[in-house]
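Below is one structure, written out as structure tokens; the observations come after it.
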Amino acid sequence: MEKKYREFKKTIYRITRDEFTRKALRRAVDSFRSARNKALDAFPYVEEEKKKLIETKNEVIENFDTWVERTLSSLEKMHAHAYYAKDSEEALGIMKKIIGSGKTIVKGKSITSEELDLNHHLEEWGNEVYETDLGEFIVQLLGSRPMHILAPAVNIPREKVSELFSKLAGKELPDDPTFLTKFAREYLREKFVKADVGITGANAITADTGTIFLVENEGNIRFSTSAPPVHIALIGIEKILPTLKDGMRLVEVVARYAGYLAMTYVSMISGPSKTGDIEKTVVYGAHGPQELHVILLDNGRKEMAKDPVAKQALRCIRCGACMYECCVYPITTGYWGYKYMGGIGIPWTYYVAGGPEEAAPLAFTCTMCGRCRLYCPMEIDTPAVVEHIRKLLKEKGLLPRFAKEMAERVVKEGVPY
């Protein structure tokens, strides 16, 4: 365990000295805070909406089994193929059975898919995989991993993106974001058209109609969910909401706290494409996908729901505000994380993606400053959750030596160093 701590410490210190990472993060943090404040000022009623959403999320978390069963039933009624996976191994088994090998796959941004190391497995089975979100595409070319829930390539400056795309193009490209975005658009457009399968996550799924909510700005998810003949949605069970109205409420709250007056695209998908234009006979598989497969994933979420302190982290709507306000994240980016990053990523790592040993170095990096709590729309008390996780880690014998030594110095000398 001490070796893991040492490796984590080396990585963190290396990143804090990385001039390009610091430059990109400074730009991103300033831009986000300004946009977020403008969005909240423009729509002050979102404060009331978030309170209602918190109550709804709590209801689902307290009764996961009931809401999972209702959602699966609604999906089947809407002619989708519905599955429940208790862990990542089951989810991968379902994926492999649906996809097989030799397929071209386009993906929308999905942090849930990171829990499964999905891209690695898809390629191992003999498929071609293309991330279509611009940030995820950059990260894929780097051979790295997402560094933020909403902005996967937040730590990559435009100069590095130019270098990556120049290699792909076989010629030197300018480090102009507009030009680089246009290049990615042209490169990926043909991938959507020839893809056999589109894979996405979801911002929410409603139990009453089995409707999947997908919120985006780029339009890539629209292509990924409409061009290929098969659409697969991998959705954590914490994304379940009771009704369509709850889904719309989430759209408003997540947009404003993510710094947008409104998201460019809000897709609501209820089953595969269909038509009834010939004698009102319903036929499935019109212009959009002929098949919709929805996998509801537990993977430790029900276990987290049993924890009286940590369960509030399941309310997270992935707006990313906490990370931009954190005092650690802006100098370390997603390297302060495993699959899930930042302070909010600590309980998610402990219970869902990684386990206690992966969570331990992250938990003792948090400064407990509380800025995340102050700006969280779901009012998650992350410092309290992190303190709780630290106690659980201590009980498991995963307290790092440096933390123990610092505590002893405070008791003995009144200072940690």
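The values are calculated or read from the model by the stated rules, or taken from the named source; none is laboratory data. This is a predicted model, so every value here is computed, not measured. Cβ sites come from the backbone with ideal geometry, for glycine too, and all protein chains shown count toward neighbours. The accessibility values were calculated without ligands, DNA or RNA, using every heavy atom of the protein model including side chains. Shrake-Rupley method; radii C 1.70, N 1.55, O 1.52, S 1.80 Å.
Values as computed for the structure displayed
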| item | result |
| --- | --- |
| Per DSSP, loop GluC sites (Glu not before Pro) in region 226-318 with at most 16 further Cβ within 10 Å | 279 |
| Gain in span if fully extended, residue 62 to residue 415, counting 0.36 nm per residue against the direct Cα distance | 122.9 nm |
| About the Cα centre, charge dipole magnitude for the chain (Lys/Arg +1, Asp/Glu -1 at Cβ), debye | 1000 |
| Gain upon complete extension [residue 3, residue 280; 0.36 nm per residue less C-alpha separation] | 93.1 nm |
| Average Cα contact separation per residue, the chain, under 8 Å, 6 or more apart, as relative contact order % | 21 |
| Charge-dipole axis of region 1-52 as Lys and Arg at +1 and Asp and Glu at -1 on Cβ define it, positive-most pick from 13, 1, 28 | 1 |
| For region 1-126, accessible area per residue (1.4 Å probe, heavy atoms of protein chains only), Å² | 56 |
| Alpha-carbon gyration tensor eigenvalues x 5, square-rooted, for the chain, Å | 35, 26, 21 |
| Options 166, 214, 156, ranked by Cα towards positive dipole end of region 127-233, top entry (Cβ charges) | 166 |
| Residue (of 338, 349, 365) at the positive-pole extreme of the chain, dipole from beta-carbon charges | 365 |
| Rg in Å to one decimal, and Dmax rounded to a whole Å, for region 23-97 via C-alpha atoms | 19.6, 50 |
| Partnerless Cys - the chain, beta-carbon criterion under 4.7 Å | 316, 319, 326, 327, 366, 369, 376 |
| Cα-derived Rg to Rh of region 258-417, Kirkwood definition | 1.17 |
| Cα pair distances of region 106-243 binned at 5 Å [whole percent] | 2, 10, 19, 22, 20, 14, 8, 3, 2, 1, 0 |
| Over region 271-351: Rg over Rh, Cα atoms, Kirkwood Rh | 1.27 |
| Relative compactness, region 205-284, computed as alpha-carbon Rg over 2.2 N^0.38 Å | 1.23 |
| Full-stretch length increase - residue 19, residue 69 - with 0.36 nm per residue and alpha-carbon distance subtracted | 13.0 nm |
| Rounded percent of accessible protein surface that carbon and sulfur make up, region 295-417, 1.4 Å probe | 53 |
| Heavy-atom accessible surface of region 44-177: percent carbon and sulfur, 1.4 Å | 48 |
| Region 45-103: chymotrypsin sites (Phe, Trp or Tyr not before Pro) in DSSP loop, at most 14 other beta carbons within 10 Å | 45 |
| List 86, 339, ordered by accessible area with a 1.4 Å probe, largest first | 86, 339 |
| By average C-beta atoms within 10 angstrom, highest first, the peptides 116-125, 178-187 | 116-125, 178-187 |
| Amide H contacts of residue 286 (H built 1.01 Å from N, under 5 Å, at least 5 apart or other chain) | 273, 274 |
| Part-to-part distance (alpha-carbon centres) for region 209-225 and region 348-402, which is given in Å | 32 |
| Probe 1.4 Å, accessible area per residue of region 186-299, Å² | 38 |
